[in-house]
Amino acid sequence: MISKDQVKKTAFDCGADLFGVASIDRFGQAPEGFHPRDVYSRTESVIVIAIRLPSETLFAENPVPYTHMNTLAMRKMDSVVFSISSKLDRMGLKNVLIPTDDPYLHWNEALQEGRAILSLRHAGVLAGLGKLGRNNLLINRTFGSMIQIGALLTSEKYESDPFADYEVCREHCGICIANCPRKALTGETVIQKNCRPLSNCRTDKGFNIKKCFECRKLCPSVLGVE
């Protein structure tokens with residue numbers, strides 16, 4: 001058996017900055033069709049990792065640097081997950097890698113709502129990497145919300161990591177909700193139909209640009225929890 005410590009070391013050797021594990025019993029509230037076992041029926045443990053993102057692009061006046069950083073972060077995260085998956089496979093730990101973003105299957109045209117095959121934000125919470133803020137982002141104590149998340153599913157049983165024991169939103173804080181130009185935040189979820197026109201804007205040339213990320217930029221916990 002490959003120990004959890006060996007899995008963790010492999011993850012960090014491949015470039016992960018955060019690591020956690022959630023056993024399958026923690027996913028009892030997952031929506032039908034989006035449970036880890038809907039992806040891989042033999043799943044017993046979900047390995048969740050994250051990489052830290054450079055933060056100053058948040059404060060550039062032009063949205064292109066942030067858009068480019070976001071694109072590169074997704075490519076790097078998928079590359080890191082692939083490296084971990086490959087090394088663990090060679091070590092004898094069979095696993096299924098999850099994309100950090102797309103592709104996904106679920107799409108509701110009327111609501112402009114897409115759902116990944118597994119919610120990595122919620123998996124991060126269940127693996128102890130942090131908590132969800134009112135901006136609906138996973139916030140880690142050390143790195144704030146400037147992280148990109150990835151995951152692998154395995155049939156090996158590992159002990160879950162402890163849940164995060166800190167608060168990520170200040171009491172009564174509603175900065176993200178109040179400053180969302182599209183009124184897309186409810187404090188519990190994102191109304192994707194409202195959010196997408198700015199968060200995934202298409203230019204005349206055909207480029208996809210993230211023109212709005214105020215919910216992340218203005219959050220007091222964006223770079224870590226005080």
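Data for the structure
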| quantity | calculated |
| --- | --- |
| Gain in span if fully extended, Asp165 to Met1, counting 0.36 nm per residue against the direct Cα distance | 56.0 nm |
| Spacing of the two label points (7 Å from each Cα toward its C-beta) at Asn208 and Asn194, in nm | 2.3 |
| Measure of compaction for segment 144-198 (Cα Rg per 2.2 N^0.38 Å) | 1.62 |
| Phi to ³J(HN,Hα) by Karplus 6.51 cos²θ - 1.76 cosθ + 1.60 over segment 212-217, Hz, x for Gly, Pro | 9, 8, 4, 4, 8, 5 |
| Pairwise label distance in nanometres, His68 with Glu226, each label 7 Å out on the Cα-Cβ vector | 3.3 |
| Mean Kyte hydropathy of -1.0 or more with a Cα span along the axis of at least 20 Å, helices from DSSP in the chain | 64-91 |
| Kirkwood hydrodynamic radius (C-alpha pairs) into Stokes-Einstein, segment 14-128, 37 °C and 0.692 mPa s, D in µm²/s | 208 |
| CD proxy at 222 nm, helix term only [per DSSP H run n ≥ 4: -39500 (n - 2.57); per residue of the chain; nearest 500] | -8500 deg cm²/dmol |
| Cα centroid separation - segment 60-76 against segment 172-201, whole Å | 20 |
| Those Cys residues of the chain for which no other cysteine Cβ falls under 4.7 Å | Cys14, Cys169, Cys173, Cys180, Cys195, Cys201, Cys212, Cys219 |
| Shape parameters for segment 170-209, alpha-carbon atoms, Rg then Dmax in Å | 12.8, 43 |
| Cα convex hull of segment 95-226, projected area averaged across orientations, nm² | 9.5 |
| Total charge dipole magnitude, the chain, about the Cα centre, Cβ charges on Lys, Arg, Asp, Glu only, Debye to nearest 20 | 400 |
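All of the numbers you see were taken from the coordinates with simple rules; none came from a lab. Bear in mind the structure is a predicted one, so any value in this text is a computation, not a measurement. Please note: Cβ atoms are built from the backbone with ideal geometry, for glycine as well, and neighbour counts cover all protein chains shown.
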